[in-house]
Amino acid sequence: MATVIRSKISNKLSNAATTVTNKSQAKVSGMFARLGFQAATDEEGLGFAACDDLDYDHRQGLQMDILKTEEMGGEGGGETGVEGDSHYQRDGTGPPPSASKDGGLCSELGSPDKPKITAWEAGWNVTNAIQGMFVLGLPYAILHGGYLGLFLIIFAAVVCCYTGKILIACLYEENEDGQLVRVRDSYVDIANACCAPRFPALGGHVVNVAQIIELVMTCILYVVVSGNLMYNSFPNFPVSQRSWAIIATVALLPCAFLKNLKAVSKFSLLCTLAHFIINILVIAYCLSRARDWAWDKVKFYIDVKKFPISIGIIVFSYTSQIFLPSLEGNMQKPSEFHCMMNWTHIAACILKGLFALVAYLTWADETKEVITDNLPSSIRAVVNLFLVSKALLSYPLPFFAAVEVLEKTFFQDGARAVFPDCYGGDGRLKSWGLSLRCALVVFTMFMAIYVPHFALLILMGLTGSLTGAGLCFLLPSLVHLKLLWRKLLWHQVFFDVAIFVIGGICSISGFIHSVEGLIEAYTYNLAD
């Protein structure tokens, strides 16, 4: 009897204790719920613990499967990655990104069946971008800037190399294991992330417009330069400059068939070789006249009216940021990107500085806007032929990049695409998609026909000041501060702010003076 009474009392006490505990947990849960949290019950805690155990077992099983696959050498053609795993590490050891049609990694990085490029091939493309035709205008920049112009050539190389690296750094974030994982694919994705959450698409639209303007303008300038050089090389031929531009466009129509960066890299390699030959010919002629070099003409002064245009020319000659996300994503070893950027910009700085200084010392105050116009007629014809080859070989890189931007924006943006996909189910380009590419080549021809030669250098400065400075100086430093400011050291923050301020000043002043020069040039031409 006593035992029964004791058991009833203990049951009542335990029930009361349980009731009090449940009420206290309910109060605590309610309090946490008001604060935006949720308290876990014992059953939920057990469920979470079970999930953790299952997740741990799953991860261990995956690691064992990967080790077994590596030991077997991938026999049986099995997949080493897991569906849905999108980790893409800087050292290139992570599994490749999955292909998607609506803005996935394949749109910028290429699908796994597309060939990857080596660091050397990526370097040829960067060299093609920063050792372009606009090197011919650098001695003219020394004419109006003296030693300051020479310093600006070096400074622009250092800044553009730095901004290119920080732009690629914004593509990555650290995962739970502290490894860098590529979470963004393009310049547009970086700009969108910077403007999120209030304006998630504003940054992408701004970058898209700037990219298209600069890339198409670069293609137009290459056609203009080709027509002008051929006209000056063969003045006795009954062919006008516009006709030469049309002939150059016919030679550029095969660019519409380009499929990947692997093919573009071959053209960039040939373009780099042509550039070295041109440098050797011009510098060799200048060295033959070393006794007449006018060292006293190089001074520490600037032409306040014309030097801002030269700033735009120098900046425009270093623009490669547009191509960098795609190049880095297509590299076999993305970890070699920084090394590639270093040697390409160091080589460009040395060659540009040497070329500009030696050419200016040779002709001094008689230096013309395009330095080849100072050469004797016999040497000029040979150099101009190499320059035409360089211009035609330089055209595929900006053209291919412009096509990628347009296709991704209007044809491959998933449900938001304005037009249907220009690629078939087998990955082949549709006939109307090829027609659009050919139409873009013809568009650059028509624009080149209506751009007069006297406005060529001013147009280069205008484009460099407007889009070049924005894409190379302003946006990289801004997005770097916005996305990675918590991980930056104080000197990195200082560099980013300084680059943003200097880039803004150069961009505004260069743009204003370029517009003034363009208006004056057109007014003078109409008066004649």
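The values are calculated or read from the model by the stated rules, or taken from the named source; none is laboratory data. From a predicted model like this one, the values you see are computed outputs, not experimental measurements. FYI the Cβ positions are ideal-geometry reconstructions off the backbone, even for glycines, and counts take in every protein chain you see. Each accessible area value is taken on the protein alone, full model and side chains, heavy atoms only, with ligands, DNA and RNA left out. Shrake-Rupley method; radii C 1.70, N 1.55, O 1.52, S 1.80 Å.
A few comments on the model shown:
- The residue list 231, 222 contains one member that is open to solvent by less than 50 Å² (accessible area, probe 1.4 Å) and among the aromatic types (Phe, Trp, Tyr), which is 222.
- Answer from 155, 134 - the residue that is out of contact with any Pro (no Cβ under 6 Å at 6 or more places or on another chain) and free of Cβ contacts under 8 Å to residues at least 24 places away in the same chain: 155
- Residue match in segment 348-368 (condition: surrounded by 16 or more Cβ atoms within 10 Å (Cβ to Cβ), assigned to a helix (DSSP H, G or I), under 18 Å from the mean Cα position of the chain (by Cα) and not basic (Lys, Arg)): yes
- Check on residue 334, open to solvent by less than 10 Å² (accessible area, probe 1.4 Å), within 22 Å of residue 271 (Cβ to Cβ) and at pLDDT 85 or above: no
- Checking every residue in segment 108-120 against the condition of being open to solvent by 10 Å² or more (accessible area, probe 1.4 Å), of a type in the set (Phe, Trp, Tyr) and at pLDDT below 90 gives zero matches.
Yes or no, residue by residue, for (1) out of contact with any Lys or Arg (no Cβ under 8 Å at 6 or more places or on another chain); (2) open to solvent by 10 Å² or more (accessible area, probe 1.4 Å); (3) over 22 Å from residue 228 (Cβ atoms); (4) at pLDDT 90 or above:
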position	(1), (2), (3), (4)
261	yes, yes, yes, no
267	yes, yes, no, yes
273	yes, yes, yes, yes
277	yes, yes, no, yes
283	yes, yes, yes, yes
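- Contacts under 9 angstrom Cβ, first residue in segment 368-397 being touching a residue at least 40 places away in the same chain (Cβ under 8 Å), partner of a type in the set (Lys, Arg), 6 or more apart: 372/380; 373/380
- Looking only at segment 135-155, and only at residues there that are open to solvent by less than 10 Å² (accessible area, probe 1.4 Å) and of a type outside the set (A, V, I, L, M), the one that is farthest from residue 396 (Cα to Cα): 146
- Number of the exception - residue 439 against (1) at pLDDT 70 or above; (2) not in a helix (DSSP H, G or I): (2)
- Summed over segment 156-207, residues that are assigned to a loop (DSSP other than H, G, I, E, B), buried (at least 23 other Cβ atoms within 10 Å of the Cβ) and at pLDDT below 90 total 1.
- With respect to being under 18 Å from residue 406 (Cβ atoms), of a type in the set (A, V, I, L, M, F, W, C) and buried (at least 16 other Cβ atoms within 10 Å of the Cβ), residue 210 fits the description.
- Residue match in segment 454-463 (condition: at pLDDT 80 or above, surrounded by fewer than 19 Cβ atoms within 10 Å (Cβ to Cβ) and of a type outside the set (A, V, I, L, M)): no
- Screening residue 287 on (1) surrounded by 13 or more Cβ atoms within 10 Å (Cβ to Cβ); (2) more than 31 Å from the chain's Cα centre (by Cα) shows it passes everything except condition (1).
- So residue 422, is it in contact with a helix residue (DSSP H, G or I) (Cβ under 7 Å, 6 or more places away or on another chain), open to solvent by less than 20 Å² (accessible area, probe 1.4 Å), modelled with pLDDT under 90 and over 22 Å from residue 210 (Cβ atoms): yes
- Verdict on residue 344 being among the polar types (S, T, N, Q), crowded, with 20+ Cβ neighbours inside 10 Å, at pLDDT 90 or above and under 21 Å from residue 154 (Cβ atoms): yes
- For segment 276-302, a residue qualifies if it is closer than 15 Å to residue 380 by Cα and of a type outside the set (Phe, Trp, Tyr), and the qualifying residues are 277, 278, 279, 280, 281, 282, 283, 284, 286.
- Segment 232-260 residues that are touching a residue at least 40 places away in the same chain (Cβ under 8 Å) and closer than 22 Å to residue 402 by Cα, paired with ones that are open to solvent by 40 Å² or more (accessible area, probe 1.4 Å) and basic (Lys, Arg) (beta carbon under 7 Å, 6 or more apart): 260/114
- Looking across segment 290-328 at every residue that is open to solvent by 70 Å² or more (accessible area, probe 1.4 Å) and charged (D, E, K, R), the one that is farthest from residue 149 (Cα to Cα) is identified as 291.
- Of the residues making up segment 311-330, those that are part of a helix (DSSP H, G or I) and of a type in the set (Phe, Trp, Tyr) number 1.
- Close Cβ contacts (under 7 Å, 6 or more residues apart or on different chains) running from residues in segment 272-299 that are more than 27 Å from residue 385 (Cα to Cα) to residues that are open to solvent by less than 70 Å² (accessible area, probe 1.4 Å) and outside any helix (DSSP H, G or I) comprise 298/146; 299/146.
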